[in-house]
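Following: one structure in structure tokens, then a few remarks.
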Amino acid sequence: QVQLVESGGGLVQAGGSLRLSCAASGSIFSDNSMGWYRQAPGKQRDLVATILSGGSTNYADSVKGRFTISRDNAKNTVSLQMNRVQPEDTAVYFCNVYQLRGNYWGQGTQVTVSS
């Protein structure tokens, strides 16, 4: 089993910055994908960004150039630096680990961007 604990959500003004962090524990494989997804009220959960163990990244078009995902393989952590946030970035953000034999989710952290 894998446990994920997110931190760093909150209220931020449009144009500001916020950093989300996620700590993974349990049966973490060295080869996996870690990432962030978000879900706004009444909408489906969507990809924000993912990063593979080797460092390859993938971003949603809506956040390219504003958000940066990073990971620390030694500590099993993944972070999301959110810059120039916009009201449409308001959502619950979920940490994710995808690896052989499992797809795991954190409990989510609320990000609210005021205009």
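The values are calculated or read from the model by the stated rules, or taken from the named source; none is laboratory data. Because the structure is a prediction, the values reported are computed rather than measured. Cβ coordinates were reconstructed from backbone atoms using ideal geometry, including for glycine residues, and neighbour counts include every protein chain displayed. Quick note on the areas: whole protein, heavy atoms, side chains included, nothing else; ligands and nucleic acids left out. Shrake-Rupley method; radii C 1.70, N 1.55, O 1.52, S 1.80 Å.
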| said: I'd like to compare 36-43, 76-83: which one has the highest average count of other Cβ atoms within 10 Å, and what's the full order after that? | reply: 76-83, 36-43
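Quote the convex hull volume per residue of the stretch 7-75, based on C-alpha atoms, as a whole number of Å³.
Roughly 123 Å³ of hull volume per residue.
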| said: Using the Kirkwood radius over C-alpha pairs as Rh, can you work out the diffusion coefficient of the stretch 2-42 via Stokes-Einstein at 4 °C, viscosity 1.567 mPa s, in µm² per second? | reply: 102
| field | Mean projection area, nm², convex hull over Cα of the chain | value | 6.6
| remark: Taking a probe of 1.4 Å and leaving out DNA, RNA and ligands, the chain shows per residue an accessible area in Å² of 53
| said: Checking the a/c ratio against 1.5 first, then a/b against b/c, what shape does the Cα gyration tensor give for the stretch 66-109? | reply: oblate
| note | So the carbon and sulfur contribution to the accessible area of the chain, 1.4 Å probe, in percent, is 48
